[in-house]
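Peer 1: Take a look at the following structure, please.
The values are calculated or read from the model by the stated rules, or taken from the named source; none is laboratory data. Keep in mind it's a predicted model, so treat the numbers as computed, not measured. Cβ coordinates were reconstructed from backbone atoms using ideal geometry, including for glycine residues, and neighbour counts include every protein chain displayed. These area figures cover heavy atoms from the full protein model, side chains too; ligands, DNA and RNA do not enter into them. Shrake-Rupley method; radii C 1.70, N 1.55, O 1.52, S 1.80 Å.
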Amino acid sequence: MTPLNNLFVERIKAQFPGEAEAFLGAIDRPVVPSVRMHPIKSDVSVSEAIDDVNAKPIPWNADGCWLDQRPNYTLNPLFHVGAFYPQEASSMFLRHVLKAVEAEMPSNPVVLDLCAAPGGKTTLLASWLDGKGVLVANEYVRQRAWILRENMAKWGYGNCLVANCDSARIGGLGSTFDLVLIDAPCSGEGMFRKDDVARTEWSVENAAMCAERQKEILDNIWDAVAENGVVIYSTCTFNPDENERQMEWLAEQYDVQFIDIDVDKEWNVTEVPFNGGRGYAFHPHRVEGEGFFICAMKKLDGMGKRRAKTDKKSPWSPSKLKVDYLNGHYSLYQNGDDVFALPAGRELLMTVLADALKAIWVGVPIGKSTRKELIPAEELALQIDFNPASFGVVNVEKDDALRFLRGEWTCEDSMAQGWNVVRYKAHFIGFVKVIGNRVNNYWPKEWRIRMDF
């Protein structure tokens with residue numbers, strides 16, 4: 001690993017007097033891997049889902065656990081179907097913060113994860129909502145937005161959409177969101193233990209640039225927060241200028257009420273007081289996790305002034321197709337030849353948001369309608385509400401599941417002609433189409449395993 005920048009070391013010594021030696025020593029210790037299990041898809045224990053590991057529960061998130069070694073996730077089919085998500089333990093504290101603000105939320109909240117890729121906190125938000133409300137997952141960087149789309153598809157909730165736009169565009173929606181998570185781009189000091197690139201890219205100038213960008217993001221998005229809505233701000237840095245100083249700046253600009261979070265002392269989470277409130281920090285010499293800061297607040301200064309500009313004629317229309325591919329209450333909509341299922345009662349909101357934010361993924365993609373047939377969308381089989389009754393089902397063992405995920409397949413006599421869905425254990429993965437003696441594998445090329453096994 002690249003040695004720590006001397007200016008960073010000097011700041012830590014000043015910031016943590018009496019603890020700096022332990023703090024800096026902890027940054028050079030090995031990373032403790034952790035995963036968060038899907039509350040619906042994970043029908044087995046962690047040790048059954050992930051071979052050769054022992055697990056220890058993470059106290060601030062009931063779905064999370066530390067592992068005694070880092071497994072090869074790529075060669076585990078359950079990783080590809082979204083039965084678990086490798087997520088840093090400190091970040092899972094978001095679930096505890098959400099529990100503390102639940103009383104502030106309406107029954108069907110509209111939620112925004114503003115800087116969402118690759119999707120760890122977004123999938124956590126989706127599990128917390130458990131199908132209620134609407135979740136907008138946004139990522140400004142186009143390439144990362146497609147990674148976010150993949151992870152959200154595999155997590156499998158139908159009340160979500162993925163957008164790829166800047167914070168100013170979302171701010172133009174006006175008072176739309178009951179809860180906004182801003183996991184702000186930062187100097188990445190909390191990642192020094194596991195990411196050598198974060199070490200090499202760190203500088204005082206870069207940290208200052210991040211602090212200015214964070215102010216811009218907070219300012220841009222503020223109007224999109226509903227009156228009395230909740231904002232959760234987080235970073236993966238130890239830098240006060242990117243953490244508590246940002247919260248003080250925000251309170252100078254707007255009328256906010258910071259929210260205290262009850263924390264068990266045995267968790268060794270550090271309270272970070274500032275003028276008007278407090279945040280919560282994870283430090284590597286105290287917690288088995290990477291660096292993390294989080295703070296929650298309520299917006300008190302009324303409605304946003306701006307409103308979204310939407311097209312007069314929406315490309316969305318109710319679909320005339322009659323397919324029974326999902327359990328639960330959904331309505332089918334079309335956008336061109338693409339067919340989507342949207343949760344009943346939220347169709348208008350989701351289509352308006354999709355148009356305003358130029359979403360790249362909405363609801364449950366059902367498939368593409370052609371003159372001959374409806375070609376199932378690759379994401380369909382991964383949805384928690386997927387109904388396989390319209391398809392043949394092919395049950396496979398681990399090796400065949402991995403071969404499918406590599407894009408390989410051979411025809412078996414037991415496979416029905418036409419569309420079949422591949423199932424590994426209790427989990428549906430994706431589709432194959434049998435045409436005579438030929439089998440076409442519809443697992444997306446960009447998702448395929450490229451590792452030998």
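Peer 1: Between R406 and D324, what FRET efficiency follows from the Cβ-Cβ distance if R0 is 35 Å, with the result rounded to 0.05?
Peer 2: 0.65
Peer 1: Using alpha carbon centroids, what distance separates the stretch 357-386 and the stretch 109-124, in Å?
Peer 2: Each part reduced to its Cα centre gives a spacing of 21 Å.
Peer 1: Between T370 and L75, what is 0.36 nm times their sequence separation minus the Cα-Cα distance? Round to one decimal in nm.
Peer 2: 102.7 nm
Peer 1: How do the peptides 78-91, 33-46 rank, highest first, by the average count of neighbouring beta carbon atoms within 10 Å per residue?
Peer 2: Going from most to least packed, we get 78-91, 33-46.
Peer 1: Turning to a different aspect of this structure: Under a crude label model (7 Å from the Cα following the beta-carbon direction), how far is E10 from K99 in nanometres?
Peer 2: Modelled inter-label distance: 4.3 nm.
Peer 1: Let me ask something additional. Okay, which of the stretch 102-118 sit inside 18 Å, backbone N to the point 7 Å along the Cα-Cβ direction of D130?
Peer 2: 102-111
Peer 1: In whole Hz, with x marking every Gly and Pro, tabulate ³J(HN,Hα) for the stretch 326-341 from phi via Karplus 6.51 cos²θ - 1.76 cosθ + 1.60, θ = phi - 60°.
Peer 2: Whole-Hz 3J(HN,Hα) from phi for the stretch 326-341: 10, 8, x, 9, 9, 10, 8, 10, 10, 10, x, 8, 8, 10, 10, 9.
Peer 1: Using the structure shown, select from K154/K425; K154/K372; K13/K298 the pairs with a Cα to Cα distance greater than 26 angstrom.
Peer 2: K154/K372; K13/K298
Peer 1: Determine the dipole magnitude for the chain: charges of +1 sit on the beta-carbon of Lys and Arg, -1 on that of Asp and Glu, nothing else is charged, the reference point is the Cα centre, and the result goes in debye to the nearest 20.
Peer 2: Computed charge dipole of the chain: roughly 1600 debye.
Peer 1: Given the protein chains as shown and a 1.4 Å probe, how many square angstrom of R144 are accessible, to the nearest 10?
Peer 2: Spelled out: R144, probe radius 1.4 Å, area about 100 Å².
Peer 1: Work out the FRET efficiency for I147 and K194 from their Cβ-Cβ distance, taking R0 = 25 Å, and round it to the nearest 0.05.
Peer 2: The calculated FRET efficiency here is 0.90.
Peer 1: Pull up the cross-link candidates among the aspartates and glutamates for K41, meaning alpha carbon to alpha carbon under 14 Å and not fewer than 8 places away within one chain.
Peer 2: Partners found: D63, D130, D385.
Peer 1: Out of W60, L349, A145, whose Cα points farthest toward the positive end of the dipole of the chain (charges: +1 Lys, Arg; -1 Asp, Glu; placed on Cβ)?
Peer 2: Final value for the positive-end residue is L349.
Peer 1: State to the nearest 20 debye the size of the charge dipole of the stretch 233-284 about its Cα centre, where the only charges are +1 on K and R beta carbons and -1 on D and E beta carbons.
Peer 2: Magnitude of the dipole: close to 100 debye.
Peer 1: Something else: Sorted by accessible area (1.4 Å probe), largest first, how do K372, K299, K56 line up?
Peer 2: Correct descending sequence by accessible area is K372, K56, K299.
Peer 1: Once you charge only the Cβ atoms, +1 for Lys and Arg and -1 for Asp and Glu, what is the size of the charge dipole of the stretch 146-284 about its Cα centre, to the nearest 20 debye?
Peer 2: Charge dipole of the stretch 146-284: 500 debye, to the nearest 20.
Peer 1: Sequence-distant or interchain residues sharing an amide H contact under 5 Å with Y330, placed H: which?
Peer 2: Correct list: A344.
Peer 1: Ok, one more. At a Förster radius of 45 Å, what calculated FRET efficiency corresponds to the Cβ-Cβ distance of S414 and N54, to the nearest 0.05?
Peer 2: Efficiency for this residue pair is about 0.75.
Peer 1: Peptides 132-143, 199-210: what's the order by average Cβ count within 10 Å, highest mean first?
Peer 2: Result, highest mean first: 132-143, 199-210.
Peer 1: If packing is taken as the mean number of other Cβ atoms within 10 Å per residue, what is the order of 219-232, 101-114, highest first?
Peer 2: Peptide ranking by packing, descending: 219-232, 101-114.
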